[in-house]
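Right, one structure below, let's go through it.
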Number of protein chains: 2
Amino acid sequence: MTDSSAGKTALDPFGMTVVEDYERLYEEFGIQPFKSLLPQISKPYLSMRRGVIFGHRDFDRVLNAMKKREKFAVMSGIKPTGEFHLGTLMTAREVIYFQQQGAAAFYCIADVEAYEDNNISFERSEKYAVGNVADLLALGFDPKRGYIYRQSKDQRVKDLAIIFGRKVTLATMKAIYGERNMGLYISALIQAGDILMPQLEDFNGPKPTVVPVGVDQDPHLRLTRDLAAKFHRKYSFVLPSSTYHKLMKGLDGSPKMSKRNPMSYFTFQETPKNIAKKISNAFTGGRPTAQEQRKLGGTPEICPIYEMCMFHFFEEDKDVVQLYHDCKSGKILCGEDKQRLIKIVLNFVKEHRRKRQQNVDKARKILQVA
Amino acid sequence: MTDSSAGKTALDPFGMTVVEDYERLYEEFGIQPFKSLLPQISKPYLSMRRGVIFGHRDFDRVLNAMKKREKFAVMSGIKPTGEFHLGTLMTAREVIYFQQQGAAAFYCIADVEAYEDNNISFERSEKYAVGNVADLLALGFDPKRGYIYRQSKDQRVKDLAIIFGRKVTLATMKAIYGERNMGLYISALIQAGDILMPQLEDFNGPKPTVVPVGVDQDPHLRLTRDLAAKFHRKYSFVLPSSTYHKLMKGLDGSPKMSKRNPMSYFTFQETPKNIAKKISNAFTGGRPTAQEQRKLGGTPEICPIYEMCMFHFFEEDKDVVQLYHDCKSGKILCGEDKQRLIKIVLNFVKEHRRKRQQNVDKARKILQVA
């Protein structure tokens, strides 16, 4: 499949072979392509420029607020079940980007979801939460212009869940989440509360809100938009907007990074040795032999190493383009590419962990953890 | 049916013709007969002595605590969807009885349930709640030795609902409550929180707790006892006990007093004229003509007027016994009986409303209503 699909598609450093799946999202679910909005964004973020953010719902609304310097919000969060990794990094950076563009920023520690979905006790998730918030602060989130909270401690999101519950049928829940325990459904309603809380009077009332998420989170958004409409009379909610980024392939060649599969990803708390090893052993878009690769070139479209450079670690677009062509032409081999990436990643991790350490006390204070 | 069933059963002023239905509860659901415990209760309440409270679950546990003067609790509540009536009076008086026997008393204003089940907004239920609490205080509830709260305002019951949700399947909810909206299920879990909150550390830890309810509420108790067992390791919950009172027949001859049927019941805020009229027009166990009644006697077992005297308004057991025999023997006619009851009820209502008025400010303060 790899060769033929690489052959069929036009050369595009920011395209991916799985793009057909994304096309289906446009058609079936009404997600809009992001690309056409790009020219209107004055300082597009890296993942916007490179097509990592490929789709949206009603992002026009947020864009207008940005242009006119009107109030708007950005909202996302993390399930405190472990340490920061590349997936949470992506979302956190998107939140910080919008905060820097003027958004009131909301970052939720989804500890109720961690409990209901993963059976992580509130005592245990508190420890992860402190680390996660320290990570967020280290990446540049400004707590003075944002609100970081735990679901279990914010009465507003729980109360919104109770209010929303009256207009949610069992059939809706089952359609979105399957046959699950009651707690999981409650946490889904609290999540709708998370997304709409930025529009409560406590936070300066209704406003466009963007929720940057991985495309797998779209069902939550559909549920929440539905609830925003159903409770419009009471709260004057503006339907929340969303942007969708692509999901990263697993380092081991699996279709998606996953906690169930430790070789598919790494966290920023792993040892440098471990991280280097996972990258070294990663699946790539390379050929069986160096000779073949020199002759035929690699397939960056299916390569998690290339993806990591493009999604996260190459600051300049031109460097991504260069890598793409060097790979395609056989100029660079996988080993070489991996060594370069390892150096960049380990530098980033080292620097990030230093900043993170400086922010642990602040994180404790924000979460009111003793 | 009326005559034959009256003929089949032995003369028993405190029995009812529907007793076969209650027998079924013993067999099918494991509800225990209350009667056998009666000799052990030093000051049994009126409804215990007269068999109105006919069944229980694990009441022995509460009885032991009462005997040994160990800590125990009583818990019940009201859905703030209207004014006090004979059903809410029954439960309130039972709660007050146990409080007077030394229980820590909990009275819940189920405003989340009123919202989810009856679509009563929190603004609207607040008004009813103030009246309901004033009623409770007028009846003798001592707020210094008890806790009165609204579900929507107490974080503990909401947090218990979230914690319990993880171990409740959809199938369980559907089996108990049928196919309902998510909110109704959430309110059911909050109700489990209401029943178990008296055992939290905030309230002096685990203890026997009695929940006096109408027998129609047993499914909630079963759910809650199941949750108490499932979360025993975390909270050391003692399985909650319950007592079950019979449900009153409708004044209009319908099997049960119901808000859907305004002629079947009255509230204490109705005009004396209205109350008198509803009693006057009530269905009875009388004969078609006075002559027949004198000759054959009435059927108190099916008579809501007799029931009202026995369940609520005759202080002395001997007066109930007297009425039973006077009716059976044809000595008293229905009109006469109704006039006597009207006098007692209107006296009670007048006196109660006076006391209630004196307690409205206190009720506002307890509920923190401006």
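A short reminder: the numbers here are calculations on the coordinates, not readings from a lab. Since we're looking at a predicted model, the values are computed, not measured. Every residue, glycine among them, receives a Cβ derived from its backbone with ideal geometry; neighbour counts consider all protein chains shown.
On average, how much area does the Cα convex hull of chain A cover when viewed from any direction, in nm²?
Average of the hull's projected areas for chain A equals 18.5 nm².
Please get the size of the charge dipole for the protein assembly as shown, origin at its Cα centre, with Cβ charges of +1 on Lys and Arg and -1 on Asp and Glu, quoted in debye to the nearest 20.
1520 debye
Placing a label point 7 Å from Cα toward Cβ, how far apart in nm is B:Phe348 from its equivalents in the other copies, listed shortest first to one decimal?
7.5
Can you check what the Kirkwood hydrodynamic radius comes to for the range B:149-195, Cα pairs only, in Å to one decimal?
Answer for the range B:149-195: a Kirkwood hydrodynamic radius of 10.8 Å.
Per-residue Cβ counts within 10 Å, from other chains only, averaged over B:116-126: what number is that?
1
Could you tell me the relative contact order of the range B:262-354? Use alpha-carbon pairs under 8 Å, at least six residues apart, and round to a whole percent.
Relative contact order, the range B:262-354: 33 percent.
How big is the Kirkwood radius of the range A:147-290, worked out from every pair of different alpha carbons and given in Å to one decimal?
Kirkwood radius, the range A:147-290: 17.9 Å.
At q = 0.05, 0.10 Å⁻¹, what base-10 log of I(q)/I(0) does the Debye formula yield for the protein assembly as shown when every alpha carbon is treated as an equal point scatterer in vacuo?
Normalising to I(0) and taking log10 leaves -0.37, -0.99.
List the distances, in nm to one decimal, from the label point of B:Arg364 to the label points of the same position in every other copy, shortest first, placing each label point 7 Å from Cα along the Cα-to-Cβ direction.
Those separations, rounded to one decimal, come out as 4.6 nm.
So for A:Leu136, A:Leu221, A:Leu89, fewest C-beta neighbours within 10 Å to most, what's the order?
Lowest to highest Cβ neighbour count: A:Leu89, A:Leu221, A:Leu136.
How big is the dipole moment of the range A:262-354 about its Cα centre under a simple scheme where the beta carbon of each Lys and Arg is +1, that of each Asp and Glu is -1, and everything else is neutral? Debye, nearest 20, please.
Rounded to the nearest 20 debye, it is 420 debye.
Quick check on the exposure proxy: order B:Val369, B:Val157, B:Val210 from fewest to most C-beta atoms within 10 angstrom.
Fewest-to-most ranking of B:Val369, B:Val157, B:Val210: B:Val369, B:Val157, B:Val210.
As I understand it, the dipole of chain B uses +1 on the Cβ of Lys and Arg and -1 on the Cβ of Asp and Glu, about the Cα centre. Which of B:Met48, B:Pro300, B:Gln368 lies farthest toward its positive end?
Value: B:Gln368.
Shortest first and in nm with one decimal, please list how far the A:Ser258 label point sits from its counterparts in the other copies (point 7 Å along Cα→Cβ).
Spelled out, the distances from A:Ser258's label point are 5.1 nm.
Binning every alpha carbon pair distance of the range A:121-229 at 5 Å from zero, what are the percents per bin?
2, 9, 19, 21, 22, 16, 8, 3, 0
Any idea how far apart B:Asn261 and A:Arg260 come out in nm if each label point goes 7 Å out from Cα toward Cβ?
In this crude label model, B:Asn261 to A:Arg260 measures out at 5.4 nm.
Compute the relative contact order of the range A:60-114 as a whole-number percentage, counting only Cα pairs closer than 8 Å that sit 6 or more residues apart in sequence.
Relative contact order here is 48 percent.
Report P(r) for the range A:31-247: all Cα-Cα distances, bin width 5 Å, range 0 to the bin holding the largest distance, values in whole percent.
P(r) over the range A:31-247, rounded to whole percents: 1, 7, 16, 20, 21, 18, 11, 5, 1, 0.
Which whole number in µm²/s is D for the range B:88-177 by Stokes-Einstein, with the Kirkwood Rh taken over Cα pairs at 4 °C and 1.567 mPa s?
88 µm²/s
For the range B:162-290, what's the relative contact order in percent, using C-alpha pairs closer than 8 Å and at least 6 residues apart?
Worked out over the range B:162-290, it gives 18 percent.
Find the centroid of the Cα atoms in the range B:120-140 and in the range A:269-329, then give the distance between the two in whole Å.
Their Cα centres are 68 Å away from one another.
Mind ranking A:251-259, B:46-54 by how tightly packed they are, going by the mean number of other C-beta atoms within 10 angstrom, highest first?
B:46-54, A:251-259
Mind jotting down the distance between the C-alpha centroids of the range A:201-254 and the range A:52-79, whole Å?
Spelled out, the Cα-based centre of one part sits 10 Å from the other.
If you take every DSSP beta bridge fully contained in the range A:31-247, what fraction is antiparallel? Give it as a percent rounded to 5.
25 percent
Hey, which of these cross-link pairs are over 21 Å Cα-Cα: B:Lys68/B:Lys234; A:Lys174/B:Lys230; B:Lys256/B:Lys277; A:Lys127/A:Lys365; A:Lys278/A:Lys343?
Over 21 Å Cα-Cα: B:Lys68/B:Lys234; A:Lys174/B:Lys230.
May I ask you to sort A:Phe313, A:Phe237 by Cβ crowding, counting other Cβ atoms within 10 Å and putting the fewest first?
With the sparsest Cβ surroundings first, the list reads A:Phe313, A:Phe237.
Taking the Cα centre of chain B as origin, work out the dipole magnitude from +1 charges on Lys and Arg Cβ and -1 charges on Asp and Glu Cβ, in debye rounded to 20.
Taking the Cα centre of chain B as origin, the dipole is about 760 debye.
Near A:Asp117, within a Cβ-to-Cβ distance under 15 Å, what is the net charge of the other residues, with Lys and Arg +1 and Asp and Glu -1?
So the surrounding residues net to +1.
When Cβ neighbours within 10 Å are restricted to other protein chains, what is their mean count per residue of peptide A:325-334?
That works out to 0 on average.
Å³ per residue of the Cα convex hull, for the range A:306-368?
90 Å³
Rg/Rh for the range A:262-354 to two decimals, with Rh computed the Kirkwood way over all alpha-carbon pairs.
0.98
Average partner chain C-beta neighbours within 10 Å, per residue of A:154-166?
For this peptide, the per-residue mean of nearby foreign Cβ atoms is 5.
Go ahead and estimate [θ] at 222 nm for chain B from helices alone: -39,500 (n - 2.57) per DSSP H run with n ≥ 4, summed, over the residue count, rounded to 500.
Dividing the helical sum by the residues of chain B leaves -15500 deg cm²/dmol.
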